[in-house]
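Laboratory data are not the source of any read-out in this text; all were calculated from the coordinates shown. Please read all numbers here as calculations on a predicted model, not as lab measurements. Every residue, glycine among them, receives a Cβ derived from its backbone with ideal geometry; neighbour counts consider all protein chains shown.
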């Protein structure tokens, strides 16, 4: 297992000899307004469920997801977070070589390494604001000497925040029907009109797999819940690798609560989107006179920044850590370097605290 997903809050609290709750963690990508109203109370009231085995294949959870998105249940699998699918797909599909749209989440690469599957990257560049070069992707997929049989795209992408238009993806799917496309939509719910631009309900392509996370938008990463949507033939292949009781009892109950309480969840998601849009604009504007940093446009609530004036990520990360603020050093993202950091926005107060600390740093460098 490769480590380095965000910052280590406990390690920083130990170093500063302070309680963990005094650390402002802006390194992990979670909804600053979550979890949804009533969910914590529901979990407390249902704690007794841990005394019994959960549904062996999470079928009730699958049906709740299917009803919510109005798709056939035989196209859906519930898993122990989308990470479970990422690490299962190379083996379940017998992949030979994966093309990864980067720079991106390291687990796509790590899953290939775990199963001795070859991989390569199509790296987006800072000069083009990290927008994927789909012409280059198409060329690589067409090159039979490369032996690529799968393509993975995080959309919107972590850590760059870039988003690939649905039509561009469908064009690629149409041209490369012999390639399996894995589209990770973990951060899509934070975008306006996410429901209409999602590929979850796309049924015209038997080579399409869509991953959908509950962890980010609903801020329940510890419950480990995620879904995979695909053609029934692909679902059958993946289910051959499915482990019994993969989704725990509380996670199953929580997911059903979410999908069956639309009158609570829809306003919660709308409030989240509005809040993030407002806070992101205020945060970036508050740092317009910050000389050492350049922001890239993000379609979600985290923001990638490039450091200028020979400032390196370890220096600014250390400066902020000493002020009990944890951000993401992007050095270990393949395709980035120690010139990049990422901020995951939180409450208005915490965002102002971060902006103030960055301006203080700006004044002393």
Of 233, 124, 64, the most mobile residue in a GNM of the chain (C-alpha springs, cutoff 10 Å) is 233
Taking the alpha-carbon centre of each part, the distance from region 92-169 to region 215-240 in Å is 20 Å
Taking the chain and counting helices only, DSSP H stretches of n ≥ 4 at -39,500 (n - 2.57) each over all residues, the nearest-500 ellipticity at 222 nm comes to -11500 deg cm²/dmol
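Give me the percent relative contact order of the chain, please, defined on Cα pairs under 8 angstrom at least 6 residues apart. Write out the running numbers ahead of the final one.
Details: 655 pairs, mean separation 88.8, N = 365.
This gives 24 percent for the chain.
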With Cα springs under 10 Å, the Gaussian network model of the chain assigns the largest mean-square fluctuation among 95, 33, 53 to 53
Per principal axis, largest first, the Cα atoms of the chain extend in Å by 60, 56, 35
For 107-120, 75-88, ranked highest to lowest by mean beta-carbon neighbours within 10 Å, the order is 75-88, 107-120
Over the Cα atoms of region 240-285 the radius of gyration and the largest Cα-Cα distance (Dmax), both in Å, equal 16.9, 51
With Cα springs under 10 Å, the Gaussian network model of the chain assigns the largest mean-square fluctuation among 286, 101, 28 to 286
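Hey, what D do you get for region 79-181 in µm²/s if you plug the Kirkwood alpha-carbon radius into Stokes-Einstein at 25 °C and 0.890 mPa s? Before the final figure, lay out each step's value.
Details: Rh = 14.0 Å.
Rounded to a whole number, D works out at 176 µm²/s.
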Whole-number value, in Å³ per residue, for the convex hull of the alpha carbons of region 170-294 is 172 Å³
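Percent of alpha carbon pairs in region 229-365 separated by more than 19 Å? It would help to have the intermediate numbers written out before the result.
Details: 5908 of 9316 pairs.
Beyond 19 Å sits 63 percent of the P(r) for region 229-365.
When 1/r is averaged over all different Cα pairs and the result inverted, which Kirkwood radius in Å belongs to region 97-156?
Details: mean 1/r = 0.0842 Å⁻¹.
Radius from the Kirkwood sum: 11.9 Å.
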At the level of C-alpha centres, the distance separating region 306-347 and region 185-204, in angstrom, is 30 Å
Shape descriptors of region 82-128 over alpha-carbon atoms, Rg and Dmax in angstrom, are 11.3, 37
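Run through the DSSP bridge list for the chain and note the antiparallel percent, rounded to the nearest 5.
Details: 19 of 40 bridges.
Given both bridge residues lie in the chain, the antiparallel proportion sits at roughly 50 percent.
If you wrap a convex hull around the C-alpha atoms of region 51-135 and split its volume per residue, what is the figure in Å³? Please report the intermediate quantities before stating the final value.
Working: hull volume 14.5 nm³, N = 85.
Given the Cα convex hull of region 51-135, per-residue volume reads 170 Å³.
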